[in-house]
Structures are given as structure tokens and as C-alpha cells.
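Step one of this worksheet: look at the structure below.
The numbers here are math on the coordinates, done by the rules we state, and not lab data. Note that the structure is predicted; figures quoted are calculated from it, not measured. Cβ sites come from the backbone with ideal geometry, for glycine too, and all protein chains shown count toward neighbours.
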Amino acid sequence: MQISLADIKRGQEGVITDVSSIHIPLKLLEMGCLPGNFVKLVQMAPFADPMYLNINGTHLAIRKETALHILIEISNV
């Protein structure tokens with residue numbers, strides 16, 4: 001099932017399938033936010049913004065607005 005990264009729940013993981021590079025800062029792409037990489041939602045801040053993620057072992061905090069432009073395939077864990 002393919003969904004936006006902004007829609008995952010805490011503890012869910014998946015694989016990034018598509019990134020709209022027009023809306024994603026270059027720094028996130030350089031830090032591994034690329035198709036094929038594994039992503040897991042570690043924690044959400046109050047009001048769900050920002051999201052604290054683990055992407056291939058790298059910990060990132062991104063805004064929900066940015067996460068809307070990243071599509072992932074949820075793992076069946």
C-alpha cells in the first residue's frame with residue numbers, strides 16, 4: 001500500500017518509492033531521503049509537526065508539509 005510519509009503512524013516502517021524533488025529541500029535528498037531507502041517513524045512532536053524519522057540509520061526531523069511530497073510503500077511487519 002502506497003501512502004504519503006505524512007500519513008504513517010508511530011513505529012510503522014516502509015520504503016520510499018517516490019520523492020517530488022521540486023518540493024523537497026536538497027539537504028534532505030543529500031541526507032538519504034531518496035527512493036529505495038527504508039524509513040521508520042520514530043516519534044511525532046505535539047500537533048504532529050515535525051516528524052522524527054529514521055531513514056537508513058540517519059535520524060531526521062522534517063515538517064509534515066514536506067512529508068506530504070514523499071511517497072512510501074508500507075512494510076507488512
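Brief remarks on what is shown
- For region 1-39, taking the residues that are of a type in the set (Val, Ile, Thr) and not in a strand (DSSP E or B), the one that is farthest from HIS69 (Cα to Cα) is identified as ILE8.
- Residues of region 54-67 that are in contact with a strand residue (DSSP E or B) (Cβ under 7 Å, 6 or more places away or on another chain), in contact (Cβ under 8 Å) with a residue 24 or more places away in the chain and within 18 Å of LEU26 (Cβ to Cβ): ILE55, ASN56, LEU60, ILE62, ALA67.
- VAL42 meets the conditions (1) assigned to a loop (DSSP other than H, G, I, E, B); (2) surrounded by 12 or more Cβ atoms within 10 Å (Cβ to Cβ); (3) β-branched (Val, Ile, Thr) in every case but one. The failed one is (1).
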